[in-house]
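The values are calculated or read from the model by the stated rules, or taken from the named source; none is laboratory data. Everything numeric in this text was worked out from a predicted model, so none of it was measured. Methodologically, a virtual Cβ is constructed for each residue, glycine included, from the backbone with ideal geometry; neighbour enumeration extends over all protein chains shown. Heads up: the accessible areas ignore ligands, DNA and RNA and are worked out on the full protein's heavy atoms, side chains in. Shrake-Rupley method; radii C 1.70, N 1.55, O 1.52, S 1.80 Å.
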Amino acid sequence: MSTRTSANSSLDIIALGWGFSAALVVLFVICLAVALVLPEWRASHGWIGLFSVAPMTSVRVWIDGIVFSIVFGWVTGVVFGLVYNLLIRR
């Protein structure tokens, strides 16, 4: 089995999109859990505020946060992947 890799290997945009989305969803869930358990600790409220303006205890904050985490993850993955693949070809 050959383990040789090319010096100019491009990134898979689909994998980047899913990877960034999964990471953002996990971070959002962790921050929301911390905000619910420790409401006086305001550090996680800023992160949650990036994704939703709904009240912290509502179901809508979960839906908004997860949906927007997936959307922002895909936007980041597509932009990062396209820019990287363009630059690596030069």
Checklist outcome for this item: Taking N as the number of residues in the range 27-79, the ratio of its alpha carbon radius of gyration to 2.2 N^0.38 Å works out to 1.14
Checklist entry - Tell me, what HN-Hα J-couplings in whole Hz come from the Karplus equation 6.51 cos²θ - 1.76 cosθ + 1.60 at θ = phi - 60° for each residue of the range 15-24, using x for Gly and Pro? => result 5, 5, x, 5, x, 5, 4, 4, 5, 5
Checklist entry - Out of the range 1-87, which trypsin sites (Lys or Arg not before Pro) are coil in DSSP terms and have no more than 15 other C-beta atoms within 10 Å? => result 4, 42
Item to check | the range 18-90, accessible area per residue, ligands and nucleic acids excluded (1.4 Å, Å²) | outcome: 65 Å²
Checklist entry - Across 5 Å bins from the origin, how do the percents of Cα pairs in the chain run, short distances first? => result 3, 14, 19, 16, 12, 11, 8, 7, 5, 4, 1, 0
Checklist outcome for this item: Taking Cα atoms only, helix 59-88 is inclined relative to the longest principal axis of the chain by an angle, in degrees rounded to 10, of 20 degrees
Next on the checklist: Could you work out what % of the accessible surface of the chain is carbon and sulfur, using a 1.4 angstrom probe and leaving DNA, RNA and ligands out of the count?
Outcome noted: 72 percent
